[in-house]
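Some notes on the structure that comes next.
The values are calculated or read from the model by the stated rules, or taken from the named source; none is laboratory data. Given the structure is predicted, the values throughout are model-derived calculations rather than measurements. A quick note on method: Cβ atoms are made from the backbone with ideal geometry, for glycine too, and the neighbour counts reach across all protein chains shown.
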Amino acid sequence: MRPDAELDIAVIGGGISGITTAILLQITGHPTALYTTIQPCFEPGAGRPEEFATLHAAASVIPHSVASPKLSHWTGISQHFFRALSLPGSCGVRRQLHYEISEDPNEAAPGYAGSVENFAWLTADELNQPWVPKRSAARGTYGWKFDAFFCEAPEYLRFLYAFYARIGGRLRQPPAVDGLAPYLALGHDIFVNCTGFGAYGLLESATRDPRCTDNPMLPDFEPLIDPFPPKLIRGHYLRMDIKEILTGHRGQFLSYSYKPTTDIYRTATGLAADVYCYQRSDAWILGGSRQVGSIDDHGNWFGEQTVGGEREFARRNAPPLAVPAPIFELNADILLRLSNGRVDLERLRRNDPGIVSPGIGYRFVRASESDNVRVSCSRVQFGGDRKYILHNYGHGGSGYTLSWGCAFDILQMLGRITEVPPQLAGHSKFAIGDTAIRGLLGNVIARLLSHGA
């Protein structure tokens with residue numbers, strides 16, 4: 001391995017995991033190049049590929065739709081970053097009150113309860129307050145609240161990309177030929193695979209290249225090919241072009257997830273399903289479907305279908321899109337009550353059908369009951385050279401939530417490979433370990449905040 005100062009790292013994939021990982025590596029003294037075909041763009045009419053999940057996120061910092069033994073660890077580290085980034089008010093991150101409401105009296109506490117701030121079960125008195133989400137015909141509600149961090153996706157991503165450029169990061173177009181081998185031929189020492197939806201195709205391509213040899217028997221390294229097959233989770237959403245912010249008790253920003261009884265909304269397997277509402281400054285995002293399946297090369301969906309009614313919404317330059325009806329109708333009912341009749345989605349849509357923009361995003365995970373996320377390392381021989389491929393994909397609906405935590409584990413992994421701890425420009429070196437996490441994070445966050453101020 002070459003000296004640390006000469007290491008050159010390629011981060012493949014420019015979604016939330018890729019840009020966050022590239023920033024953390026770059027800011028700790030590891031030169032990086034970020035390879036991405038698509039840079040997040042939120043201009044009117046801009047294309048939003050359905051497999052590029054970063055463009056479709058709400059984006060709440062809550063570990064939903066994903067399982068991993070390290071979920072609390074990654075969430076906890078990310079919370080350090082988002083807590084600090086929410087303070088300047090110029091990074092696109094804010095703290096807000098979030099409600100999780102269910103009509104099931106036996107709803108269990110979530111696994112993330114110990115990882116979020118100010119988690120508390122709602123009392124019967126609180127549940128009946130007008131600022132707590134509730135559908136008009138609900139017999140009884142139960143649930144909890146906590147302080148969640150929320151990313152204004154357009155603003156936050158602009159901040160991250162601008163910061164990456166400021167600290168010397170290099171944006172690159174991917175090689176003209178698909179597959180992992182063209183990247184390995186570029187001369188970088190280490191590659192971080194943050195391609196998400198495309199991860200399996202990228203890795204599988206290397207097995208067909210005679211220059212690439214995988215050695216799965218090495219200790220501390222995983223085989224290049226993931227032992228768990230890919231799984232897609234389809235999510236429908238509605239972008240409502242509403243520019244105001246609806247606040248709740250004491251003027252607090254709020255968001256919610258609401259799970260009614262199964263006769264109102266349920267999954268293909270018969271479980272109660274939920275809808276959500278997140279308010280961005282440029283739009284409100286309504287959603288609430290998690291359908292498991294796959295798509296073919298032509299974009300056709302094969303998998304779970306919506307149970308119950310759907311509603312069609314027009315799209316620009318595309319056929320209308322059918323969305324599970326509760327995503328619009330249940331949210332409309334809840335928001336009418338929360339706003340004391342002021343926010344009437346049905347009326348807004350009648351007056352201006354273009355206010356609603358439907359969409360689909362695909363959350364990508366590994367088909368493992370206990371570990372959907374892959375954060376690990378493989379080592380291969382390519383044309384006589386030793387190459388390291390670090391994996392960071394499979395975050396499902398928690399890409400933003402886990403972004404800094406998973407990136408930090410990649411940084412730790414890199415330290416073990418090189419046996420050289422990272423260096424923050426202008427500061428002393430830090431040993432990477434649990435006892436030093438706060439010190440390193442403090443310095444990294446200070447650099448981030450100096451750009452956001």
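Taking the condition in contact with a Leu (Cβ under 9 Å, 6 or more places away or on another chain), more than 30 Å from residue 138 (Cα to Cα), touching a residue at least 24 places away in the same chain (Cβ under 8 Å) and among the charged types (D, E, K, R), does residue 226 pass?
When the stated conditions are applied, residue 226 passes them.
Restricting to the stretch 106-137, name every residue that is under 16 Å from residue 264 (Cβ atoms), exposed (fewer than 15 other Cβ atoms within 10 Å of the Cβ) and not hydroxyl-bearing (Ser, Thr, Tyr).
Within the stretch 106-137, just 137 meets the criteria.
Can you tell me how many residues in the stretch 292-312 are within 17 Å of residue 237 (Cα to Cα), in a loop (DSSP other than H, G, I, E, B) and of a type outside the set (S, T, N, Q)?
Number satisfying all stated conditions: 4.
If the requirement is being buried (at least 22 other Cβ atoms within 10 Å of the Cβ) and at pLDDT 70 or above, which of these qualifies: 72, 78, 65?
78
Quick one: residue 240 ticks every box in (1) at negative phi; (2) exposed (fewer than 15 other Cβ atoms within 10 Å of the Cβ) except a single one, so which number is it?
Evaluating residue 240 over (1) at negative phi; (2) exposed (fewer than 15 other Cβ atoms within 10 Å of the Cβ) leaves (2) as the failure.
Which condition number does residue 289 fail, the rest of (1) within 21 Å of residue 357 (Cβ to Cβ); (2) out of contact with any His (no Cβ under 7 Å at 6 or more places or on another chain); (3) in a loop (DSSP other than H, G, I, E, B) being met?
In the conditions (1) within 21 Å of residue 357 (Cβ to Cβ); (2) out of contact with any His (no Cβ under 7 Å at 6 or more places or on another chain); (3) in a loop (DSSP other than H, G, I, E, B), residue 289 misses (2) alone.
Given the structure, is residue 280 surrounded by fewer than 18 Cβ atoms within 10 Å (Cβ to Cβ) and basic (Lys, Arg)?
no
If you go through the stretch 81-93 one residue at a time, how many are surrounded by 19 or more Cβ atoms within 10 Å (Cβ to Cβ), out of contact with any helix residue (DSSP H, G or I) (no Cβ under 7 Å at 6 or more places or on another chain) and not hydrophobic (A, V, I, L, M, F, W, C)?
Total meeting the criteria: 1.
Checking the structure you have, find out if any residue of the stretch 320-335 is touching a residue at least 24 places away in the same chain (Cβ under 8 Å), touching a Gly at 6+ places or on another chain (Cβ under 8 Å), surrounded by fewer than 18 Cβ atoms within 10 Å (Cβ to Cβ) and in a strand (DSSP E or B).
Checked the stretch 320-335: at least one residue is touching a residue at least 24 places away in the same chain (Cβ under 8 Å), touching a Gly at 6+ places or on another chain (Cβ under 8 Å), surrounded by fewer than 18 Cβ atoms within 10 Å (Cβ to Cβ) and in a strand (DSSP E or B).
Among the residues that make up the stretch 130-153, is at least one of them under 17 Å from residue 60 (Cα atoms) and part of a helix (DSSP H, G or I)?
Taking every residue of the stretch 130-153 in turn, at least one turns out to be under 17 Å from residue 60 (Cα atoms) and part of a helix (DSSP H, G or I).
Quick check: is even one residue across the stretch 104-125 more than 20 Å from residue 82 (Cα to Cα) and in contact with a helix residue (DSSP H, G or I) (Cβ under 6 Å, 6 or more places away or on another chain)?
No, there is no match, as no residue in the stretch 104-125 is more than 20 Å from residue 82 (Cα to Cα) and in contact with a helix residue (DSSP H, G or I) (Cβ under 6 Å, 6 or more places away or on another chain).
When only residues in the stretch 114-129 that are at pLDDT 90 or above and in a loop (DSSP other than H, G, I, E, B) count, which is nearest to residue 246 (Cα to Cα)?
129
Taking the stretch 154-199 as the search range and keeping residues that are in a helix (DSSP H, G or I) and basic (Lys, Arg), which one is nearest to residue 366 (Cα to Cα)?
So the residue we want is 158.
Going through the stretch 213-227 one residue at a time, which ones are surrounded by 15 or more Cβ atoms within 10 Å (Cβ to Cβ), of a type in the set (A, V, I, L, M, F, W, C) and under 12 Å from residue 203 (Cβ atoms)?
224
Working only within the stretch 62-75, note down all residues that are closer than 29 Å to residue 284 by Cβ and touching a Leu at 6+ places or on another chain (Cβ under 9 Å).
Hits for the stretch 62-75 are 63, 66, 71, 74, 75.
Anything in the stretch 65-90 that is of a type outside the set (A, V, I, L, M), outside any helix (DSSP H, G or I) and either without any contact (Cβ under 8 Å) to a residue 60 or more places away in the chain or touching a strand residue (DSSP E or B) at 6+ places or on another chain (Cβ under 9 Å) (or both)? List them, or say none.
Within the stretch 65-90, 65, 68, 70, 86, 89 meet the criteria.
Here is a list: 181, 176. Which entry is small (Gly, Ala, Ser) and surrounded by 16 or more Cβ atoms within 10 Å (Cβ to Cβ)?
The unique qualifying residue is 181.
Please work out which residue is surrounded by the most Cβ atoms within 10 Å (Cβ to Cβ), limiting yourself to the stretch 200-212 and to residues that are assigned to a loop (DSSP other than H, G, I, E, B) and in contact with a helix residue (DSSP H, G or I) (Cβ under 7 Å, 6 or more places away or on another chain).
Here the answer is 209.
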